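The values are calculated or read from the model by the stated rules, or taken from the named source; none is laboratory data. None of the values given here were measured: they were computed from a predicted structure. Don't worry about glycine lacking a Cβ; one is built from the backbone with ideal geometry, like all the others, and counts go over all protein chains shown. For accessibility, only protein heavy atoms count, side chains too; no ligands or nucleic acids. Shrake-Rupley method; radii C 1.70, N 1.55, O 1.52, S 1.80 Å.
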Amino acid sequence: MTGSGVARSHGPPMSNPASSLPVTYHSALRDYLAQPNEATLRQGYEIGRAAISAELDVFDVIRLHHEALNEGVVSADPAAAVRCAPMIEAFLFEALSPYETAYRGFRRAWELLEQLNTTLAGHNEALALSNAQLEDEISMRQRTEAKLLERSARVPTAQEEERKRISRGLHGEVSQALAAVNVALTMLKRHAASDSELRQKVAEAEALLVSSMESVHRFARELRPATLDGSEKEPVLDTAD
């Protein structure tokens, strides 16, 4: 026994398996009470780490502590027990401190994991929104392209129909009107047989009429070459006397 009323012993290494932790705890507590310093107190911390490695919980460590006290680590002298009470408490706290450190690390890891999950959830929502917007944009572009293709297919048809309509008008109505004018000029030329000046003006009008007919026919052929086939004969102007 030492002057503090505690028998001193040397604790075994902290690498003992879980089954030897009761003996290890008993010896380490006895050493600390016999010679309280940083080195002997450190044994309590190492016991706590060994208990965590052995998958023991806090209550298991407290049970080890109580068993060590019941085995007579402290002198039966009441005065000695009172003097050792603060050191006994300090050793228990030291043995439990690895659990607090582990808990803080676990809590921090959990907080980081929750933050990561929150961030990932936000990214997933943003990605889902972007995908939805992209799908809408693709659908809109596809609809627009389909409409453009449809319109592009309609434009040549509409243009062709308009060309045919104009060609028919030039070849039909305008040509007939010019032919009627030619007939009138022919009749006028016959009545003006004795008036040389009038006959000259009628001849000039006929020449202009022929030129106009040729221009109309050329425009009609350019607009719709197929129109001028065997089924649509061009009017022939008779400019003979």
- line: In the range 151-180, anything open to solvent by 90 Å² or more (accessible area, probe 1.4 Å) and either within 25 Å of ARG221 (Cβ to Cβ) or at pLDDT 75 or above (or both) is listed as ARG151, GLN159, GLU161, ARG163, ARG165, ARG168, GLU173, GLN176
message: Can you find a residue that is among the aromatic types (Phe, Trp, Tyr), modelled with pLDDT of 90 or more, exposed (fewer than 13 other Cβ atoms within 10 Å of the Cβ) and part of a helix (DSSP H, G or I) anywhere in the range 45-64?
response: yes
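What residue, of SER19, SER15, SER9, is more than 22 Å from THR101 (Cβ to Cβ), modelled with pLDDT under 90, of a type in the set (S, T, N, Q) and open to solvent by 60 Å² or more (accessible area, probe 1.4 Å)? Steps first, answer last, please.
Working: SER15 fails: more than 22 Å from THR101 (Cβ to Cβ); SER9 fails: open to solvent by 60 Å² or more (accessible area, probe 1.4 Å).
Just one listed residue meets the conditions, SER19.
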- prompt: Looking only at residues in the range 90-129 that are within 26 Å of GLY48 (Cβ to Cβ) and open to solvent by 100 Å² or more (accessible area, probe 1.4 Å), which one is modelled with the highest pLDDT?
  reply: PHE93
- request: Restrict the check to the range 181-202 and report whether at least one residue is surrounded by 11 or more Cβ atoms within 10 Å (Cβ to Cβ), within 30 Å of LYS164 (Cα to Cα) and at pLDDT below 65.
  value: no
query: Of the residues in the range 69-89, how many are outside any helix (DSSP H, G or I) and open to solvent by 50 Å² or more (accessible area, probe 1.4 Å)?
result: 3
